[in-house]
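Right, one structure below, let's go through it.
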Amino acid sequence: MPHKETSYLTVWDDTVTGKDLIIALAISTPLTLGGFIYTPWSAPMPLIVGLCGALLGFAINAIVLRPKRRLDIEKEA
């Protein structure tokens, strides 16, 4: 079976695949913007609910998607 080459992206000193990045954005964006835009209360509650949505999105992404780190081990000279 041929080995499939996967291309990686470096985002904020972390290595991810493009697919994982799109999934993370698809999870975080609706939670953050949905919390901010659809909050029925007046200021500052939309900001607080939007930030809570961002934290919830971060927690879901941290559980669902694992980082794709490359570890290079070098012997001491």
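The values are calculated or read from the model by the stated rules, or taken from the named source; none is laboratory data. Computed from a prediction, not measured in an experiment: that's the story for all the values here. Note that we place each Cβ from the backbone using ideal geometry, even for glycine, and neighbour counts take in every protein chain shown.
Considering Lys19, Lys4, which residue is more than 22 Å from Ile60 (Cβ to Cβ) and charged (D, E, K, R)? Steps first, answer last, please.
Values: Lys19 fails: more than 22 Å from Ile60 (Cβ to Cβ).
Just a single option satisfies the conditions, and that option is Lys4.
For every residue, the table says whether it meets (1) in a loop (DSSP other than H, G, I, E, B); (2) hydroxyl-bearing (Ser, Thr, Tyr); (3) closer than 30 Å to Leu71 by Cβ; (4) at pLDDT 95 or above.
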position	(1), (2), (3), (4)
Lys4	yes, no, yes, no
Thr10	no, yes, yes, no
Val16	no, no, yes, no
Asp20	no, no, yes, no
Thr29	no, yes, no, yes
Thr39	yes, yes, no, no
Ser42	yes, yes, no, no
ask   = So which residues in segment 25-77 are aromatic (Phe, Trp, Tyr) and exposed (fewer than 10 other Cβ atoms within 10 Å of the Cβ), if there are any at all?
value = Trp41
